[in-house]
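Student: Here it is: the structure, laid out below.
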Amino acid sequence: MRNPTTTQPPVRTPRLSVAAKKTTFAALTGLTLVGSLAGCSAADAGSATTTTSPETKSTAAPEATTSTDAAAGSGSTDYQDGSYTADGSYQSPNGTESITVTVTLAEDKVTAVDVVSHAESANSKRYQAEFISGIAAEVVGKDIDSLKVSKVAGSSLTSGGFNAAIDTIKTEAKG
C-alpha cells in the first residue's frame, strides 16, 4: 500500500492562452524594434552633428589664404599649398556615380573641402547629399596623407569616389 503522506500532488504547468501568447509576442517584438531603432538613431545622431559643415566650409576658406601665405617659405611640406580639384567615381547599385572634390591645402593639412554631386539616381543623390553635409567635419584640419574615409553621415559608397579624388589631388599637389 501507499503511504498517503509521501505522495505529492502532480505539478501543473501553467498554460498561456492564445491571446496571452500573442500579447507577449507583440510586446517582445516591439521592444526589439525599439532597441534596433534606438541603436540606429544613436549612430545617426553622431552623423547629424556633422551636418553643420557648410558653416565650417565658409569659415575655413579665408583661413586657407592666410595659412598659404604664411607657409610659402617654410619648405618643410610634401605638398604645394593651394586648391586642387579632381573627380572621383565609384560603383553603386544603380551604376557608376561620380563626385568632384576640391581641397585647399596648407602645410599638408586640409583647410577647406568642397564636394559637388553628379548623381544620377534618387538614392545616389540622397547619399551624396548626406556625404557632402558631413565630409568637412571629417577631413578639415587633417593631414592629407592620413585621409582615407570609409563612411560619412551614413554614406559608405560615396567615400570610394572621394578617396579616388584625394589620390589624384595628392599626385597633383606633390612638389
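Student: Any idea how far apart Lys142 and Asp78 come out in nm if each label point goes 7 Å out from Cα toward Cβ?
Tutor: Using points 7 Å along Cα→Cβ, the separation is 1.5 nm.
Student: Oh, and also: Give me, ordered by chain and number, the residues 5 or more places off Gly141 or on other chains with an amide H under 5 Å from its own placed amide H.
Tutor: Here the answer is Val110, Thr111, since their amide H atoms fall under 5 Å of that of Gly141.
Student: Describe numerically, in nm with one decimal, the distance between label points set 7 Å from Cα along Cα→Cβ at Glu120 and at Asn94.
Tutor: In this crude label model, Glu120 to Asn94 measures out at 1.0 nm.
Student: Please enumerate, by chain and number, the lysines with C-alpha under 23 Å from the C-alpha of Lys174, excluding those fewer than 8 residues away in the same chain.
Tutor: Lys109, Lys142, Lys148
The numbers here are math on the coordinates, done by the rules we state, and not lab data. None of these values were measured; they are calculated from a predicted model. Virtual Cβ from ideal backbone geometry, glycine too; neighbours counted across all protein chains shown.
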